[in-house]
1. If you go through the stretch A:56-73 one residue at a time, how many are facing chain B (nearest Cβ under 7 Å) and out of contact with any helix residue (DSSP H, G or I) (no Cβ under 6 Å at 6 or more places or on another chain)?
2. Residues to consider are B:SER64, B:SER54, B:SER48, B:SER71; find the one that is under 13 Å from the mean Cα position of the chain (by Cα) and at pLDDT 95 or above.
3. Of everything in the stretch B:1-24, what is within 14 Å of chain A (Cβ to nearest Cβ) and not aliphatic (A, V, I, L, M)? Give them in sequence order.
4. Looking only at residues that are touching a Gly at 6+ places or on another chain (Cβ under 8 Å) and not in a loop (DSSP other than H, G, I, E, B) in the stretch A:28-55, which one is nearest to A:GLY9 (Cα to Cα)?
5. What are the residues in the stretch A:29-50 that are within 14 Å of chain B (Cβ to nearest Cβ), under 18 Å from A:LEU63 (Cα atoms), surrounded by fewer than 19 Cβ atoms within 10 Å (Cβ to Cβ) and touching a residue at least 12 places away in the same chain (Cβ under 8 Å), if any?
6. Would you confirm whether any residue within the stretch B:74-85 is surrounded by fewer than 10 Cβ atoms within 10 Å (Cβ to Cβ), more than 10 Å from chain A (Cβ to nearest Cβ), at pLDDT below 65 and over 26 Å from the mean Cα position of the chain (by Cα)?
Number of protein chains: 2
Amino acid sequence: MTLFRRLLGEALRAQRMERGLTLREVSADARVSLGYISEIERGQKEASSELLASLCGALEMPLSLLLHNVSQAAAIEEQLLTVPATTLPVRTGADVVASAA
Amino acid sequence: MTLFRRLLGEALRAQRMERGLTLREVSADARVSLGYISEIERGQKEASSELLASLCGALEMPLSLLLHNVSQAAAIEEQLLTVPATTLPVRTGADVVASAA
């Protein structure tokens, strides 16, 4: 199942990395505990709307852009999930040997 | 402040209306109480990621599209919030009289 909090966490983390910010810096700026932000980034906790607004502020990212990025990630995942399993290329040990030869 | 749950609620409601579904029908299909869905639509409750997935299923709407719509609504609101108040056209009683003349 495509879970919003997992994709959201990945998008938040990607933006933090792009900005070259540490969890500690975002934590101080957004006034949210470091552990909590870390759990959100790993998709383990849901972020409230107020927290999301704080994080967007600390990451200097409008909420619209964050949601756009999450929407794109969801679209990619949905496409992968709707492709019948039989059409997905399966890489076996034999392939690895063949490609190495 | 642009709050995710308010825009999300509006987007969910818009989709339900477009599908011509009642709260009762979505409630039965998503297996979520009618009152809870109603609170989510009004932006009064945060929806968990699992609930969001259920609602998307009941509304026959991929999560990516829902988030795209919310992102668009957020972008419009952000633009409105960043326009300096002095540049917004103010319609006065005199304008109304002038345009009617």
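The values are calculated or read from the model by the stated rules, or taken from the named source; none is laboratory data. Given the structure is predicted, the values throughout are model-derived calculations rather than measurements. Glycine gets a Cβ as well: all are built from the backbone with ideal geometry, and neighbour counts include every protein chain shown.
1. Of the residues in the stretch A:56-73, 0 are facing chain B (nearest Cβ under 7 Å) and out of contact with any helix residue (DSSP H, G or I) (no Cβ under 6 Å at 6 or more places or on another chain).
2. Among B:SER64, B:SER54, B:SER48, B:SER71, only B:SER71 is under 13 Å from the mean Cα position of the chain (by Cα) and at pLDDT 95 or above.
3. B:THR2, B:PHE4, B:ARG5, B:ARG6, B:GLY9, B:GLU10
4. The qualifying residue nearest to A:GLY9 (Cα to Cα) is A:GLU41.
5. A:GLY43
6. no
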